[in-house]
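Written out below as structure tokens is the structure these notes cover.
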Amino acid sequence: ALLNGSPLRCSETASMGSALFATEVGTSREPATIAAIFDRIKALTAVARAVRCCGSCAMNMCGVAMGRLDAFYEVGFGGCWDVAAASLIVEEAGGKVLDPCGGPFSLMGRRVLATNAHLAEPVSYVLAACPTGPTEPPPTAKTQ
């Protein structure tokens, strides 16, 4: 993947304590789902340099591919159009795309975690420990 003719590369950040994460709160206002969303944000904030909520799923994933963010996750985004191209861009930039709980990425699953090459396992470990809200799509099962 290129930006203005130059190859995109994900960051090399390997420490959760040095990592900059992004997510999105989404549109559900069901109380238990809001609690689950903020449980995930709280869990990552406890171990990260910073967590930002700044809009577009596709643009945040491209931020990972550009090395501006170390990881991005979202549960319950609009649909495959939010992640289809961006997932390829992240992978071409040396990153990983998976389910936030560590299972394989499903284009139709409405759940995504995009990270640099180093943070997929520790971030998914933190997120997997958090509950899923009743209006959120369920995790993709991990494969052995």
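When the chain is treated as a GNM, springs tying every alpha-carbon pair under 10 Å, which of 39, 99, 70 comes out with the largest mean-square fluctuation?
39
So what is the accessible area of segment 1-124 per residue, in Å², with the probe set to 1.4 Å?
45
Residue 27 label point, 7 Å along Cα→Cβ, cut-off 19 Å on backbone N: hits in segment 72-93?
74-84
Give me the percent of accessible area attributable to carbon and sulfur for the chain, probe 1.4 angstrom. Write out the running numbers ahead of the final one.
Values: 4100 of 7050 Å².
Taking all protein chains in place, the chain shows 58 percent carbon and sulfur surface.
What's the extension gain from residue 56 to residue 39 if we count 0.36 nm per residue and subtract their Cα-Cα distance?
4.0 nm
According to a simple spin-label model (label point 7 Å from Cα along Cα-to-Cβ), what is the distance in nm between residue 84 and residue 4?
2.9
How long are the three semi-axes of the equivalent ellipsoid for segment 92-144, computed from the Cα gyration tensor as the root of 5 times each eigenvalue, in whole Å, largest first?
18, 13, 10
Antiparallel versus total DSSP beta bridges in the chain: what percent is that, nearest 5?
65
What FRET efficiency do you get for residue 135 and residue 15 if R0 is 30 Å and r is their Cβ-Cβ distance, rounded to the nearest 0.05? Write down the numbers at each step before the final one.
Working: r = 34 Å, r/R0 = 1.12.
According to the calculation, E is roughly 0.35.
With labels modelled as points extended 7 Å from the Cα through the Cβ direction, what inter-label distance (nm, one decimal) is found for residue 68 paired with residue 91?
The modelled label-to-label distance comes out at 2.3 nm.
Given Cβ point charges of +1 (Lys, Arg) and -1 (Asp, Glu) and nothing else, what value in debye, to the nearest 20, does the dipole of the chain about its Cα centre take? Present the calculation step by step, with values, prior to reporting the outcome.
Working: 11 positive and 12 negative charges, 38 e Å.
Using only the charged Cβ atoms, the result is roughly 180 debye.
Is segment 28-144 best put as rounded, prolate or oblate by its Cα gyration tensor, with a ≥ b ≥ c the root eigenvalues, rounded for a/c under 1.5, and otherwise prolate when a/b is larger than b/c, oblate when not?
Verdict is rounded for segment 28-144.
The values are calculated or read from the model by the stated rules, or taken from the named source; none is laboratory data. Quick caveat, the model's predicted, so the values are computed rather than measured. We place every Cβ from the backbone using ideal geometry, glycine too, and count neighbours over all the protein chains shown. Surface accessibility is based on the protein's heavy atoms, side chains included, excluding ligands, DNA and RNA. Shrake-Rupley method; radii C 1.70, N 1.55, O 1.52, S 1.80 Å.
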